[in-house]
Amino acid sequence: MVNHSDDRPDPRDSTRISPETSSPKRPARFLYGERSSLDPRANSADYLADANLFRRSYVRTIGESEGMPLDSTVAWFVGNNVAFYKLTSNSCVEAKRTEADAAADKIDGVVFDYVLSGEYSEETATGFVSLRAGDLGMVQSTVEVTARSRLARIATIFLPRTRLAAALETDLSGEPFILRSLSSAPLAPFVGAQMRLLFESYGRMDAQDFEIVLEATAELLIHLLRGELSRGEQFQARPSKEFMRAIAYIEENYHRPELTPDDIWRGINVSRTQLYKLFSENSLTVAGYLRDVRLRRFVDALRTTDASGIGRLAWTCGLDMQAADFTRLFKRVYGMTPRQARAALQAGQPVVTKVFPAPSDIEEGGK
């Protein structure tokens, strides 16, 4: 168990400490804390100051939570050149970080967010990324960004720019890496599994052991970024607004079994040829991405439901297939049957993709 004795550092001191910066109150290797917005000892200003790894101009409830007290709990762990941040929120929230905030706290690096459940989006002056359960994204800590979440559980890792520059020989400050989704990266499922493990193990694992796992996950993230950089020219331009509209349309409608690529291009008001070009420019296919989203949502449903039948869960995720065909596809992608996956998830084990679907499984025009 992580020691939460009274002689620990005041968590208030951690909110403006860069992982690279020493502090008289900081332990030799790590700093941790936890704060709830509903803590009767703290007001909203205290929560804003204490519960964010980075300075924010505001944090407020929106949408269905508007006018209600913020109900969020955050926990953090700052190691050597890496920091972990855990958010559990029962509210719909909007948070704003401005360039003035970035200049004030001088925290310079990259933030990686993995969504365990709920919905999360980030918007900058030049881009927009929408993440749901099982998705991984990144954003620079130095840009102005508005983040919105809905009933979200999010694991976050921060890596300082100096560490990334030393490992990758680039500081990732170029346009393609200001804000982007990393969910399609080959290593994303493995990074996600590690970040989920960190989220679920926080407070139950010895602090030194926790830092070892955190450090291993940070190295895995660096390998993921190295792979993204090696893909070259396809990332010289950020995804177009039309492509992001297509992604958002799929995320909103994947649960409809009748949804096909034809529905998508009509839904975002582009031609069929334009739609396929948008995805091919990002090394994706329309049908393949749609199926990938459905499979990831199915795995998340397995994790959160115990009694529902496999066939019904698959159907609610838009996977309208014969049971044998679905089991065969699932086993090809995940290396196990859906029932085995459910048992693994209930035992606290990760379920990640083993291979990509065969070309016959992602043929354009298929569901």
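The values are calculated or read from the model by the stated rules, or taken from the named source; none is laboratory data. The shown structure was predicted, so the numbers you read here are calculated from the model rather than taken from an experiment. Ideal geometry is used to build each Cβ from the backbone, glycine not excepted, and the neighbour counts take in all protein chains shown. These area figures cover heavy atoms from the full protein model, side chains too; ligands, DNA and RNA do not enter into them. Shrake-Rupley method; radii C 1.70, N 1.55, O 1.52, S 1.80 Å.
With one equal scatterer per alpha carbon and no solvent term, the Debye-computed log10 I(q)/I(0) for segment 269-316 at 0.18, 0.21, 0.22, 0.28 1/Å reads -0.64, -0.72, -0.74, -0.96. Dividing the mean sequence gap of close Cα pairs (under 8 Å, 6+ apart) by how many residues segment 151-300 holds gives a relative contact order of 19 percent. Of LYS86, LYS106, the order by accessible heavy-atom surface (1.4 Å probe, DNA, RNA and ligands excluded), from most exposed downward, is LYS106, LYS86.
Excluding ligands, DNA and RNA, the accessible surface per residue across segment 241-302 is 42 Å² with a 1.4 Å probe. Surface composition of segment 182-329: carbon and sulfur make up 52 percent of the accessible area, probe 1.4 Å. Pairs of alpha carbons in segment 208-289 separated by more than 14 Å make up 69% of all such pairs.
Specify whether the C-alpha gyration tensor of segment 159-296 places it in the rounded, prolate or oblate class, a ≥ b ≥ c being the square roots of the eigenvalues: rounded for a/c under 1.5, otherwise prolate if a/b is larger than b/c and oblate if not.
Oblate, since a/c reaches 1.5 and b/c is not below a/b.
Using a probe of 1.4 Å on the protein chains alone, the accessible area found for ASP206 is around 60 Å². Ranking ARG60, ARG303, ARG35 by solvent-accessible area of protein heavy atoms (1.4 Å probe, all protein chains present), from largest to smallest, gives ARG60, ARG303, ARG35. Taking the average, over residues, of other Cβ atoms within 10 Å as the packing measure, peptides 61-72, 194-205 rank 194-205, 61-72 from highest down. Heavy-atom accessible surface of ARG226, to the nearest 10 Å², is about 100 Å², with a 1.4 Å probe and all protein chains retained. Rolling a 1.4 Å probe over the protein heavy atoms leaves CYS317 with an accessible area of roughly 10 Å². For segment 223-327, the set of GluC sites (Glu not before Pro) satisfying both a DSSP loop assignment and a count of at most 14 other C-beta atoms within 10 Å is given as GLU258, GLU281.
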